[in-house]
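See structure below.
None of the figures in this text is laboratory data; all of them are computed from the coordinates on show. Owing to the predicted nature of the structure, the values given are computational and were not obtained by experimental measurement. A quick note on method: Cβ atoms are made from the backbone with ideal geometry, for glycine too, and the neighbour counts reach across all protein chains shown.
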Amino acid sequence: MPQISLYIDSDTLKKVEKAATREHLSISKWVGNKIKSAITDEYPNGYFDLFGAMNDKSFKIDELSFIQDSKREML
């Protein structure tokens, strides 16, 4: 498995050690998880549950009219 070296100050290291201990993980596993979550291409949990959740009367969707739409080439 590839390895990575990090150069961080001692205060940051102490915080990382405490965070890893709280989550019952090794420092390596904790840092790896943080890196993976920072570069993931996935939507966060519950993202799609928000669809349609807005209940604001000032927010409305008007029916679209294609009368002024540009003419397009048929493919």
So what's the back-of-envelope 222 nm ellipticity for the chain, counting only DSSP H runs of four-plus at -39500 (n - 2.57) apiece and dividing by all residues, rounded to 500?
-> -11000 deg cm²/dmol
Go through (1) 13.0; (2) 6.3; (3) 4.4 and flag the label whose value is the computed mean projected area of the Cα convex hull in nm² for this structure.
-> (1)
For the chain, size of Cβ-based charge dipole, Lys and Arg +1, Asp and Glu -1, in debye | 380 debye
Summed residue charge, Cβ within 14 Å of A19's Cβ, Lys/Arg positive, Asp/Glu negative = +3
Loop sites in region 28-75: chymotrypsin sites (Phe, Trp or Tyr not before Pro), DSSP, at most 11 other Cβ within 10 Å = Y47, F51, F59, F66
Relative to the longest principal axis of the chain, what angle (0 to 90°, nearest 10) does the C-alpha long axis of helix 10-22 take?
-> 80 degrees
What are the ³J(HN,Hα) values, in whole Hz, obtained from phi via the Karplus relation 6.51 cos²θ - 1.76 cosθ + 1.60 with θ = phi - 60°, for each residue of region 41-58 in sequence order, with x given for Gly and Pro?
-> 9, 9, 6, x, 4, x, 4, 6, 5, 6, 4, x, 7, 6, 10, 10, 5, 7
Ranked by GNM mean-square fluctuation in the chain (Cα springs under 10 Å), the top entry among E42, E63, E17 is E63
Enumerate by residue number the trypsin sites (Lys or Arg not before Pro) in the chain meeting two conditions: DSSP loop (anything except H, G, I, E, B), and at most 12 other Cβ atoms within 10 Å of the site's Cβ.
-> K57, K60, K71, R72
